[in-house]
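J.: Structure provided below as structure tokens; questions to follow.
Just so it is clear, none of the values below were taken in a lab; they were calculated from the coordinates. The structure presented is a predicted model; accordingly, all values stated were derived computationally and were not measured. Counting neighbours? That spans all protein chains shown, and the Cβs are built from the backbone with ideal geometry, glycine included.
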Amino acid sequence: MQRPRASRHVLTALLSLGLVLGAAGTAAAHVEVNSSTAQALAVDATVTFSAEGESSTAGITDVKVTLPAGLAPADITPDKTPDGWAFTPTADGWTIAGPALAPGAPAEYSVKVRQLPSTSSVVFKTLVDYSDGHTDRWIELPQGDAKPEHPAPALALRPAAAGATALPAAAAPSTPAPAATASVSASVTASPPPSAAATDTTAKSDDGESTTTIVLGALVAVAVLGTVIALLVRRRSGRSGRSGR
């Protein structure tokens with residue numbers, strides 16, 4: 001009778017151990033982040049990520065990352081990605097995506113950071129998508145002493161080196177502002193007011209016409225006057241001839 005009881009106790013212990021190990025394995029699956037230059041204000045730091053594949057039937061198809069405060073998309077450039085995958089900057093971070101990896105295979109890649117911020121750590125909230133439509137959300141932050149179930153990957157930074165300073169903000173690509181575009185369109189569409197030169201030309205033209213009219217009138221008056229004088233001279237000549245006879 002004691003042997004069956006002992007067997008049951010052993011079986012129960014093994015099952016409990018299996019559950020604990022299974023739970024530990026699930027909790028251990030996460031996204032790791034590392035850097036050999038994990039130091040505040042470090043320049044051109046290479047940061048490596050490894051998103052573990054949790055599914056035994058589906059592969060990882062993309063990884064989406066949100067940047068922490070102190071880093072902008074312009075500060076990040078791709079370094080290494082899985083074969084066939086592409087790096088795409090987003091408004092608040094980046095996405096790497098490509099053909100589905102083998103089930104259980106991790107998505108490993110690295111990026112170059114122009115300069116790490118002056119903080120004790122940087123957190124990269126991450127979403128991992130699988131070929132079956134499932135998404136792992138590694139975005140939770142520690143709350144007190146409690147460890148989150150799905151922790152966001154965090155990179156601890158050593159204090160900045162002596163004399164290290166922050167670089168100027170990276171210049172974002174310039175695009176024409178909508179307001180500027182609208183004003184340019186308005187200036188092209190609207191008819192410009194007449195210029196001063198045009199007004200002067202019009203005035204000069206009007207003055208020229210007036211002068212021509214005056215000259216023509218004077219010539220006509222001279223011609224009429226000449227005709228009248230000629231008639232008077234003829235009349236006088238005729239009268240003088242008659243009186244001589």
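J.: What distance in nm separates the two pseudo spin-label positions at residue 43 and residue 170, each 7 Å out from Cα along the beta-carbon direction?
T.: Label at residue 43, label at residue 170, 1.5 nm between them.
J.: Once fully extended, how much extra length lies between residue 141 and residue 55, figured as 0.36 nm per residue of separation less the alpha-carbon to alpha-carbon distance?
T.: 28.6 nm
J.: Can you bin segment 31-156 into rounded, prolate or oblate? Criterion: square roots of the alpha carbon gyration tensor eigenvalues sorted a ≥ b ≥ c, rounded for a/c under 1.5, prolate for a/b above b/c, oblate for the rest.
T.: Judged from the Cα gyration tensor, segment 31-156 comes out oblate (a/c at least 1.5, b/c at or above a/b).
J.: Going by C-beta contacts inside 10 Å, put 79, 136 in order with the fewest on the left.
T.: Lowest count first: 79, 136.
J.: How much length is gained if the chain between residue 69 and residue 161 is pulled fully straight, taking 0.36 nm per residue apart and subtracting their Cα-Cα distance, in nm to one decimal?
T.: Using 0.36 nm per residue and subtracting the Cα-Cα distance, I get 31.1 nm.
J.: Take the Cβ-Cβ distance between residue 36 and residue 132 as r, set R0 to 35 Å, and report the resulting FRET efficiency rounded to the nearest 0.05.
T.: Given R0 = 35 Å and the Cβ-Cβ separation, E is 0.50.
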